[in-house]
1. Since residue 316 meets every condition but one in (1) surrounded by fewer than 15 Cβ atoms within 10 Å (Cβ to Cβ); (2) touching a helix residue (DSSP H, G or I) at 6+ places or on another chain (Cβ under 7 Å); (3) under 27 Å from residue 262 (Cα atoms), which condition does it not meet?
2. As an exercise: evaluate residue 138 against (1) in contact with a strand residue (DSSP E or B) (Cβ under 7 Å, 6 or more places away or on another chain); (2) crowded, with 20+ Cβ neighbours inside 10 Å; (3) part of a loop (DSSP other than H, G, I, E, B) and give the number of the one condition it does not meet.
3. Give just the number: which of (1) within 18 Å of the chain's Cα centre (by Cα); (2) within 24 Å of residue 237 (Cβ to Cβ) does residue 156 not satisfy?
4. Of the numbered conditions (1) under 25 Å from residue 264 (Cα atoms); (2) within 22 Å of the chain's Cα centre (by Cα), residue 291 fails exactly one; give the number of that condition.
5. Residue 352 passes all but one of (1) closer than 30 Å to residue 264 by Cβ; (2) touching a residue at least 12 places away in the same chain (Cβ under 8 Å); which number fails?
6. In region 286-313, what residues are surrounded by 15 or more Cβ atoms within 10 Å (Cβ to Cβ), under 25 Å from residue 348 (Cα atoms) and without any contact (Cβ under 8 Å) to a residue 60 or more places away in the chain?
7. Would you point out which residue out of 113, 71, 108, 83 is more than 19 Å from residue 55 (Cα to Cα), in the same structural domain as residue 54 (by TED's automatic domain parsing) and either at pLDDT 90 or above or crowded, with 17+ Cβ neighbours inside 10 Å (or both)?
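The values are calculated or read from the model by the stated rules, or taken from the named source; none is laboratory data. A quick note: this is a predicted structure, and the numbers were derived from the prediction, not measured. Positions of Cβ are generated from backbone atoms using ideal geometry, with glycine treated the same way; all protein chains shown enter the neighbour counts.
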């Protein structure tokens, strides 16, 4: 992607993203020379300045970028125009944060497809209790960003793997659209294969692997518990979808359009697909404890369908707790964010004590 022109019009700033990892280049239009920049590894974000631009050239042709990595929180940095090396931090945290790094890993799913993920492990020797995390979207990707929530899990002795399952962006259109018409199928195959990889590589304790995720990742958390209840110690879902039909009925028109694309039609046209892909359909199979954090005013992952799911779980004697907040799709205060994350860690530790 072309991100910017230099002030003199002679150079382009380019970004190549491959399997979630970014590489910046400059291209000189006069000499037709492409230069690979030796910049710090990590994520170069949007949203510098009032118009939300990408990394761009300064008047002196150096590059200004909003950057972060697994061990460095977001900061505005200046890169040398010739080499890409970091010159200095323009705006950043006052104190350095002690954090453990991400490692990019790959594993093979059930059909031979290569799946990429980001792994972080605590100090000490494994296997560890482990969080298997699925991002939202589904058409999104997990990158090597600084994540305080992940660092908190590591501080409590958990390994953490976030996977770019089928449906993620950055791996080609076929990879992204393979889930359409059968939501949950290929994603679950990739989740199960990730679990196998974690166990085979002695990273995860077999009986201490928890599912977690928000939005579509919250849906996959419920889905995994319902469809493969034998594999997981518990589930930690945020703004999740349990019932695709009820969620469609209460969603905004924009979201209904997305749901029709993913399922291949509306519930009136392909109701069976919506029902077959809903965790609520398989509620009786769920055996692991589940914590859900949900918004009363959410128009993407709507409240009514979660209220019905919670009632059904409790009527069936399942262990579920739903924490409600008075906002939309995950828009909570810093205090609520901390409290909710503490609750997730407390539940996971309590489950481990019982095993």
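1. Unmet condition: (3).
2. (1)
3. Of everything listed in (1) within 18 Å of the chain's Cα centre (by Cα); (2) within 24 Å of residue 237 (Cβ to Cβ), residue 156 misses just condition (1).
4. Failing condition for residue 291: (1).
5. (1)
6. Those that are surrounded by 15 or more Cβ atoms within 10 Å (Cβ to Cβ), under 25 Å from residue 348 (Cα atoms) and without any contact (Cβ under 8 Å) to a residue 60 or more places away in the chain: 291, 293, 294, 295, 303, 307, 310, 312, 313.
7. 71
Conditions (1) in contact (Cβ under 8 Å) with a residue 60 or more places away in the chain; (2) surrounded by fewer than 21 Cβ atoms within 10 Å (Cβ to Cβ); (3) not assigned by TED's automatic domain parsing to the domain that holds residue 346, marked per residue:
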| position | (1), (2), (3) |
| --- | --- |
| 228 | no, yes, no |
| 231 | no, yes, no |
| 235 | no, no, no |
| 244 | yes, no, no |
| 255 | no, yes, no |
| 267 | no, yes, no |
| 275 | no, yes, no |
